[in-house]
Amino acid sequence: MKEQIISYLTPAYPWKEHFHFFRSIGSTNDHIRALAKSGAPHGTVVIADHQTGGHGRRGRSFHSPEGVGIYLSILLRPECQPTELMHLTCAVAVAMCQAVEQSAGFRPGIKWTNDLVSGKRKLGGILTELGFTPQGKLDYAIIGVGINVRQQPGDFPEDIQDMAGSLSMIAGREIDRAKVAAAMMEALKDMSDSLLTGKEDMLARYKTDCITLDQDVVLVRGDKKRYGHAVDIDSDGALVVRFGDGSLEAVNSGEISVRGMYGYV
Ligand code: BTN
């Protein structure tokens, strides 16, 4: 698989020497964090065929069975302030739409902020984290992406069968995982190059891809629910919601559900 992925990379791809492949691993994000702490360079990539402890946001597990998905983490060392990276997850989401479009022939949508979706099905997710030096300066950014590539509906655990999908299911044909992985690596390289300079273009693209915009949404924080309408994405990638009482708020945290998706009815 590693050789196959490399064979699909362009000759100009600069980080081939920093690409690690594992048949099975706990979590590619946990592994790359350890590499980051021992000085691994900008552009280090870890891909696994299987994760035994893949995880997503809010400590949820990310189902990562063998041979059907791509589980990838990349280490970046951007030279900037952490406040300049507020839009990082959005930039990764756009890059992943690009990679899927190129390798599977259709462009997924983005459920704000970090889910790749098609219709009502989640195809993948993104988990980003920043690391700091003891002096509090930005040391690294870790980006983890999991994409379901070859699963058929019956392959997903029963509790997520109605809301999970794969690239093969949506494309209606077999999709080559190595091609998807290489496209992800290339798209992340391009994303990294334009992270600080191409923010406006990226956000414009994000707004086009984001299925949460112009939808009724519910913001769930603890056991409190607030209903509103998603009207914009701001320059940091926050979702701007108009709530029932007319107030406008840029939402950064909490859990947003879109009417009709993943059980918001
Ligand atoms: C989410 O849906 O909340 C994010 C899921 C992120 C999963 C990927 S798979 C590769 C990397 N390793 C992990 O443990 N998580 C990310």
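Data overview
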read-out	value
With every protein chain in place, segment 1-111: carbon and sulfur % of accessible area (1.4 Å)	50
Computed helical MRE - 222 nm, the chain, DSSP H runs ≥ 4 contributing -39500 (n - 2.57), nearest 500	-8000 deg cm²/dmol
Accessible area (Å², per residue) of the chain, counting only protein heavy atoms and a probe of 1.4 Å	46
Reach of residue 16 by Cα under 14 Å, taken over aspartates and glutamates that are not fewer than 8 positions away in the same chain	3, 186
Gain upon complete extension [residue 171, residue 250; 0.36 nm per residue less C-alpha separation]	25.0 nm
Translational diffusion of the chain, µm² s⁻¹ [Kirkwood Rh, Cα pairs; Stokes-Einstein; 20 °C; 1.002 mPa s]	114
Virtual spin-label span in nm between residue 60 and residue 10, 7 Å along Cα→Cβ	3.4
Order of exposure, largest accessible area first, which applies to 79, 186, 66 with probe 1.4 Å	79, 66, 186
The chain: antiparallel DSSP beta bridges as a percent of all, rounded to 5	85
Reachable lysines, given that their alpha-carbon falls under 29 Å from the alpha-carbon of residue 111 and they are not under 8 places away in the same chain	120, 122, 179, 189, 199, 207, 224, 225
Segment 131-265 pair-distance distribution - Cα-Cα, 5 Å bins, rounded %	2, 8, 12, 14, 16, 17, 17, 10, 4, 1, 0
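The values are calculated or read from the model by the stated rules, or taken from the named source; none is laboratory data. Note that this is a predicted model, so its numbers are computed, not measured. We place every Cβ from the backbone using ideal geometry, glycine too, and count neighbours over all the protein chains shown. For the accessible areas, the whole protein counts, side chains as well, though only heavy atoms, and no ligand, DNA or RNA atoms are used. Shrake-Rupley method; radii C 1.70, N 1.55, O 1.52, S 1.80 Å.
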